[in-house]
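*Asks:* Structure incoming, see below.
The values are calculated or read from the model by the stated rules, or taken from the named source; none is laboratory data. All figures in this text were calculated on a predicted structure; none of them were measured in a lab. Note that we place each Cβ from the backbone using ideal geometry, even for glycine, and neighbour counts take in every protein chain shown. When the accessible area is computed, the model is the full protein with side chains, heavy atoms only, and any ligands, DNA or RNA have been set aside. Shrake-Rupley method; radii C 1.70, N 1.55, O 1.52, S 1.80 Å.
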Amino acid sequence: MWQLLAIQILGSIIVFLLLNFINPTLARSALVCVLCPVATAAPVVTGMLGGSIGRVASFSVLSNLSVALCAPAIFALVSPDSQLSFLEEFATIALKVCPMIVFPLLAAFLIRILTPRVHASLTKAAPITFYIWSVSLIIVVGRSVSFIMAEPRSYWPVMTAMALTAGILCAIMFAIGKSIGRRHGDAITAGQSLGQKNTIMAIWMATTYLDGITSVAPAAYVLWQNMFNSLQLYRRMKQEHCHNSNA
């Protein structure tokens with residue numbers, strides 16, 4: 001888990017330094033893609049793929065809180081003209097993270113302790129979360145495409161470079177995560193923890209602290225990661241079908 005977190009935080013800085021010589025805007029957009037914490041929907045997809053939901057959920061909390069702590073300093077380095085102080089940036093990101101990660105986690109613990117029957121009922125209804133995730137995905141993709149189409153044509157070359165870079169980074173994140181996971185016997189969980197990103201937060205961070213155009217990379221990452229997830233789910237269903245047929 002700590003290896004994945006180190007790659008997420010330190011990897012974002014390394015990617016920025018490598019690409020900054022080519023294009024600073026491209027470098028900042030790549031930084032956001034790598035720094036972005038794990039998606040809140042990752043436990044759902046991980047469970048469907050046969051991974052550990054509990055481990056992904058635990059890493060999700062750690063990942064998001066780490067970004068809240070580290071992002072202000074990182075953004076201050078890559079965007080020195082920022083008008084916000086360190087404490088202001090930290091507070092803004094923390095206020096975004098807490099309602100989305102910390103508060104639901106505390107609510108889940110309270111429900112489990114105070115109302116076990118309600119907790120059991122919610123656990124049985126867990127598959128419904130997949131359809132909720134599907135609807136939210138459609139909304140995010142639609143908004144991302146609308147944003148890209150609204151940009152002037154003069155920005156298309158750099159936006160194309162961002163989209164391709166996001167695809168490369170997506171493949172690298174999943175590959176590194178799975179490689180680390182294999183050493184511990186859980187490639188699926190580690191792959192999803194590092195590769196499946198909370199792109200909604202990434203887009204928000206890019207538009208809030210960096211140039212608005214840098215949000216194109218995380219917007220493209222939405223498409224890349226979900227194409228990969230769709231492929232994984234298809235292969236998983238195919239394997240289960242073959243197994244049931246042989247049985």
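*Asks:* In the range 12-64, how many residues are basic (Lys, Arg) and farther than 16 Å from Gly195 by Cβ?
*Replies:* The total comes to 1.
*Asks:* Across the range 182-193, what is the total count of residues that are assigned to a helix (DSSP H, G or I) and in contact with a Ser or Thr (Cβ under 9 Å, 6 or more places away or on another chain)?
*Replies:* Adding up the residues that qualify gives 7.
*Asks:* Something else now. Pull up the range 25-73, narrow it to residues that are open to solvent by less than 10 Å² (accessible area, probe 1.4 Å) and among the β-branched types (Val, Ile, Thr), then point me to the one that is farthest from Tyr234 (Cα to Cα).
*Replies:* Only one residue tops the list, namely Val67.
*Asks:* Then there's this: Looking only at the range 214-243, which residues are in contact (Cβ under 8 Å) with a residue 60 or more places away in the chain and of a type in the set (D, E, K, R)?
*Replies:* Within the range 214-243, Arg236 is the sole residue that qualifies.
*Asks:* Let me ask you something else. Given the options Leu5, Leu18, Leu31, Leu26, name the one that is free of Cβ contacts under 8 Å to residues at least 40 places away in the same chain and either aromatic (Phe, Trp, Tyr) or assigned to a helix (DSSP H, G or I) (or both).
*Replies:* From the options Leu5, Leu18, Leu31, Leu26, the qualifying one is Leu18.
*Asks:* Another one. Of the residues that sit in the range 92-132 and are open to solvent by less than 50 Å² (accessible area, probe 1.4 Å) and at pLDDT 75 or above, which one is farthest from Cys70 (Cα to Cα)?
*Replies:* Here the answer is Ala120.
*Asks:* Let me ask you something else. Would the range 174-181 turn up any residue that is assigned to a helix (DSSP H, G or I), buried (at least 24 other Cβ atoms within 10 Å of the Cβ) and either among the charged types (D, E, K, R) or at pLDDT 90 or above (or both)?
*Replies:* Checked the range 174-181: at least one residue is assigned to a helix (DSSP H, G or I), buried (at least 24 other Cβ atoms within 10 Å of the Cβ) and either among the charged types (D, E, K, R) or at pLDDT 90 or above (or both).
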